[in-house]
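The values are calculated or read from the model by the stated rules, or taken from the named source; none is laboratory data. Please read these numbers as outputs of a predicted model, since none were measured by experiment. Here the Cβ is made from the backbone with ideal geometry for all residues, glycine too, and neighbour counts use every protein chain on show.
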Amino acid sequence: MTPTDAKALSSKVDQLKALMGAYATDGRTSTQSHEYQVLYCEVALDLEAAKYINPNPFKSLETFYAHVKGNGMKTYHERRVYIAKLYEDVLLDLARAARGEQPSKQWTRANEVLQDQLSPVRSQWLKAKNFTFGNAPDFENSVKESVSSIESTLRILLGKPTGTVGNLLKEAALDKDVERLVSQAYGYASNRDGVRHGGTQPSALTKAEAEFFLNFAAAAISYIVARNENPS
């Protein structure tokens, strides 16, 4: 994605958020529903082309408002916060693209294989990326999301939505050394304070570890998908 394309998509997303905000608070007009539906389709297609998961499931303002009311968002503030968080991860990554920052080659390859049923895994990896490179980095959660993205890939490919990593790896028929590496990565994340479980001590994780697990997850996902397609 070029910086110009990233800026244009960010602008469209901001317009969608503005329509949602107006409809859910005190700024409704008679044309908003139609404007939203047209713009929603454009944004959905642009996100798909850019290989982002569309975080907004609401194809109409009426559906969105029913969700707001059904989930007890009574105040305007609650509704604005919800809207802001909806596109938060995507907008942060688009801001990087608008500055001309390029994703790692490793992740670009992995992103190509996360199609169809595996596309939801992109959201986990994007969260991991944002936890690493955001303005308020959270390296523990970055490692957690990176490792979880591998687990999710295995669960989807093997059709075991509640499978544990240990059992999933046994069924995946991976190279034994790779299997061991993935298991050790999961064990690392599980044993570090504040990563997969609450910690009692300040974490010593740094950006270096977070970046390592980002790239490790991308490489592992690419390998697992390739091995699943060609098991022999």
Open item on the list: When you scan the stretch 161-169, do you find a residue that is surrounded by fewer than 19 Cβ atoms within 10 Å (Cβ to Cβ), in the same structural domain as PHE212 (by TED's automatic domain parsing) and assigned to a helix (DSSP H, G or I), even just one?
Closed with: yes
Task: Residue identified as of a type outside the set (Lys, Arg), within 29 Å of GLU88 (Cα to Cα), at pLDDT 90 or above and within 19 Å of the chain's Cα centre (by Cα) among PHE213, PHE133 - done: PHE213
Open item on the list: Just to be sure I understand, how many residues within the stretch 130-154 are farther than 22 Å from VAL178 by Cα and either of a type in the set (A, V, I, L, M) or in contact with an Asp or Glu (Cβ under 7 Å, 6 or more places away or on another chain) (or both)?
Closed with: 5
Task: The listed residue being within 21 Å of SER10 (Cα to Cα), free of Cβ contacts under 8 Å to residues at least 60 places away in the same chain, part of a helix (DSSP H, G or I) and not assigned by TED's automatic domain parsing to the domain that holds ARG28, out of GLN117, GLN124 - done: GLN124
Task: So GLY21, is it of a type outside the set (Ser, Thr, Tyr), at negative phi, in contact with a Gly (Cβ under 9 Å, 6 or more places away or on another chain) and part of a helix (DSSP H, G or I) - done: yes
Open item on the list: For the stretch 26-65, give me each residue that is of a type in the set (Val, Ile, Thr) and exposed (fewer than 15 other Cβ atoms within 10 Å of the Cβ).
Closed with: THR29, THR31, VAL38, THR63
- [ ] Among the residues of the stretch 97-114, write down those that are more than 20 Å from TYR223 (Cα to Cα), part of a helix (DSSP H, G or I) and not small (Gly, Ala, Ser).
- [x] none
Open item on the list: Checking the condition touching a Pro at 6+ places or on another chain (Cβ under 9 Å) and touching a residue at least 40 places away in the same chain (Cβ under 8 Å), which residue from TYR23, TYR87, TYR52, TYR65 passes?
Closed with: TYR87
Task: Subset of the stretch 34-56 (residues that are within 12 Å of MET20 (Cβ to Cβ) and part of a loop (DSSP other than H, G, I, E, B)) - done: ASN56
Open item on the list: Return the residues of the stretch 97-117 that are buried (at least 17 other Cβ atoms within 10 Å of the Cβ) and either at pLDDT 90 or above or closer than 15 Å to PRO55 by Cβ (or both); say none if nothing qualifies.
Closed with: ALA97, ALA98
- [ ] Within the stretch 132-149, work out how many residues are in contact (Cβ under 8 Å) with a residue 60 or more places away in the chain and part of a helix (DSSP H, G or I).
- [x] 8
